[in-house]
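Enquirer: Got a structure here, written out as structure tokens. Questions coming.
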Amino acid sequence: EIVATGEELAENHEHRERSFQALLAAGVPLLVGTDASIPAVWPGSGYVAELKALLAHGYPVNQLIVSMTSRAARVVAGDNADFGVVQTGKCADLVVVDGDPLSDPSLLFRPSLVLRGGHVVERLPAKP
């Protein structure tokens with residue numbers, strides 16, 4: 001059994017923070033995404049947690065949006081990706097928020113409308 005002490009966990013956190021800040025300072029382009037479904041983790045929850053962690057550690061919101069959209073599309077599908085940007089002839093998959101997420105990044109976690117293939121995605125009612 002491997003068990004980390006509180007001191008080891010704190011050192012690891014500090015190392016990850018320094019590494020992340022070094023990546024930011026160097027202008028390394030980042031992507032946002034998930035590896036795959038993990039048992040006992042609600043789909044999408046890891047993605048939201050990643051977004052919140054990046055913002056909390058100083059990743060600029062404008063770069064976060066690029067990392068979630070056009071940059072991710074280019075990495076997945078190349079320069080001719082038909083998604084990742086709002087442009088005529090591209091897939092009409094959009095997450096719409098009420099306001100400016102550059103001024104209020106929390107809006108990214110409260111979409112007012114989601115479109116997939118140009119069609120509105122209906123929200124399921126919250127479970128009690």
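Enquirer: Residue check: is residue 108 open to solvent by less than 50 Å² (accessible area, probe 1.4 Å) and in contact with a Pro (Cβ under 7 Å, 6 or more places away or on another chain)?
Expert: Here the answer is yes, as residue 108 does meet what is asked.
Enquirer: Considering only residues that are assigned to a helix (DSSP H, G or I) and either out of contact with any helix residue (DSSP H, G or I) (no Cβ under 7 Å at 6 or more places or on another chain) or among the charged types (D, E, K, R) (or both), which ones fall in the range 98-112? Can you show your working first?
Expert: Here is the first cut: in the range 98-112, the residues assigned to a helix (DSSP H, G or I) are 105-109.
If the condition is that a residue be assigned to a helix (DSSP H, G or I) and either out of contact with any helix residue (DSSP H, G or I) (no Cβ under 7 Å at 6 or more places or on another chain) or among the charged types (D, E, K, R) (or both), then 106, 107 are the ones that fit.
Enquirer: Evaluate the following for residue 124: is it touching a Ser or Thr at 6+ places or on another chain (Cβ under 6 Å), modelled with pLDDT under 90 and either on the phi < 0 side of the Ramachandran plot or in a helix (DSSP H, G or I) (or both)? Walk me through how you get there before you give the answer.
Expert: On the way: touching a Ser or Thr at 6+ places or on another chain (Cβ under 6 Å): no; modelled with pLDDT under 90: yes; either on the phi < 0 side of the Ramachandran plot or in a helix (DSSP H, G or I) (or both): yes.
Judged against the criteria, residue 124 is not a match.
Enquirer: A follow-up question, please. Take the range 75-92 and flag every residue that is open to solvent by 70 Å² or more (accessible area, probe 1.4 Å) and under 19 Å from the mean Cα position of the chain (by Cα).
Expert: The answer is 75, 76, 83, 86.
Enquirer: Name the pairs whose Cβ atoms lie under 7 Å apart, with the first residue in the range 95-119 and more than 15 Å from residue 66 (Cα to Cα), the second surrounded by fewer than 14 Cβ atoms within 10 Å (Cβ to Cβ) and basic (Lys, Arg), and 6 or more positions between them or separate chains?
Expert: What qualifies is 97/110.
Enquirer: Go through (1) out of contact with any Ser or Thr (no Cβ under 7 Å at 6 or more places or on another chain); (2) modelled with pLDDT of 90 or more for residue 37 and report which single condition fails.
Expert: (2)
Enquirer: Same structure again: I'm trying to understand the selection: among the residues of the range 10-33, which are surrounded by 11 or more Cβ atoms within 10 Å (Cβ to Cβ) and either under 20 Å from the mean Cα position of the chain (by Cα) or under 13 Å from residue 54 (Cβ atoms) (or both)? Give the derivation first.
Expert: Our first condition is that a residue be surrounded by 11 or more Cβ atoms within 10 Å (Cβ to Cβ); within the range 10-33, this holds for 10-12, 16-17, 20-21, 23-24, 29-33.
If the condition is that a residue be surrounded by 11 or more Cβ atoms within 10 Å (Cβ to Cβ) and either under 20 Å from the mean Cα position of the chain (by Cα) or under 13 Å from residue 54 (Cβ atoms) (or both), then 16, 17, 20, 21, 23, 24, 29, 30, 31, 32, 33 are the ones that fit.
The values are calculated or read from the model by the stated rules, or taken from the named source; none is laboratory data. Worth saying up front: this structure is predicted, and the values here are computed from it rather than measured. Cβ sites come from the backbone with ideal geometry, for glycine too, and all protein chains shown count toward neighbours. Only protein heavy atoms, including side chains, enter the accessible area calculation; ligands, DNA and RNA are left aside. Shrake-Rupley method; radii C 1.70, N 1.55, O 1.52, S 1.80 Å.
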